[in-house]
Amino acid sequence: MTRHRTYLLSAGIAIAAVSLTLAACGSSSSSANSSTSTPAATTAPATTAPATEDTETEKNTTAPAPATAAKVAVLMGKPSEFKLTATPTSAPGKVTFAVANEGNVVHEMVVVPAPNGAAGLKQPDGTASEAGSKGEVADLAPGKTARLTISLPAGKYVLLCNLPGHFASGMYADFTVS
């Protein structure tokens, strides 16, 4: 009888150990899925992190952020191919840019501090300086959308497409953070 109890007790412990091991392995997916903020959560001001299509990337800077992000719709490629519009054109610190490429070619949206507006970013080759970029949605194919959530300090910014010839063609919009 004692051997039978020992066997049952040992079997029960083994089953419990296997159950705990399987439960621990199965829960790792929730922490792995939270990586959307990892590449963009750096605080280095010169680093940009591309947002992937139909996903959200979050980047934090030094600005205190409101509890919820303000929503800003960014439309690229409409009403003309090299047009970029933002609605609304201002928001408080934490912003989610919902970016849509309705054009016929690949576009990007880069958020660049610009106290002197878009003219202050222009380079001799017709591109814009991306110095101090706060984040970007890179290489967004026609018909695709992406989201970029970032916390920005108060100031003036330019949302722009800096692919060859796009900025020079006027593909940018002023944006203010209050």
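Read-outs throughout are calculated quantities, based only on the coordinates presented, and are distinct from any laboratory measurement. Because the structure is predicted, anything quoted here is derived from the model rather than measured. Cβ atoms come from the backbone with ideal geometry, glycine included; neighbour counts cover every protein chain shown.
Modelled this way, with points 7 Å down the Cα-to-C-beta line, the labels at T85 and A168 are 2.6 nm from one another. Listed by chain and number, the lysines placed with their C-alpha closer than 24 angstrom to that of K83 are K71, K122, K134, K144, K156; residues fewer than eight positions away on the same chain are left out.
Each of the peptides 146-152, 164-170 was scored by the mean count of other Cβ atoms within 10 Å over its residues; in descending order, highest first, they stand as 146-152, 164-170. Within the shell of other residues whose beta carbon sits under 12 angstrom from the beta carbon of S169, the net charge comes to 0, with Lys and Arg scored +1 and Asp and Glu -1.
Looking at the square roots a ≥ b ≥ c of the eigenvalues of the Cα gyration tensor of segment 109-178, which shape do they give, rounded for a/c under 1.5, prolate if a/b is larger than b/c, or oblate? It would help to have the intermediate numbers written out before the result.
Values: a/c = 1.99, a/b = 1.03, b/c = 1.92.
Judged from the Cα gyration tensor, segment 109-178 comes out oblate (a/c at least 1.5, b/c at or above a/b).
Spin-label model, K156/V105: points 7 Å from Cα along the beta carbon direction are separated by 2.8 nm.
Most exposed first by the Cβ proxy, i.e. fewest other Cβ within 10 Å, how do E102, E108 rank? Display every interim value, and only then the final one.
Values: E102 16, E108 23.
Ordered from fewest to most neighbouring Cβ atoms within 10 Å, E102, E108 come out as E102, E108.
Ordered by the number of other Cβ atoms lying within 10 Å of each residue's own Cβ, fewest first, T87, T145 fall into the sequence T87, T145. The phi torsions of segment 92-100, fed into the Karplus equation with coefficients 6.51, -1.76 and 1.60 and a -60° offset, translate into couplings of x, x, 8, 10, 10, 8, 9, 9, 10 Hz, rounded to whole numbers, with Gly and Pro shown as x.
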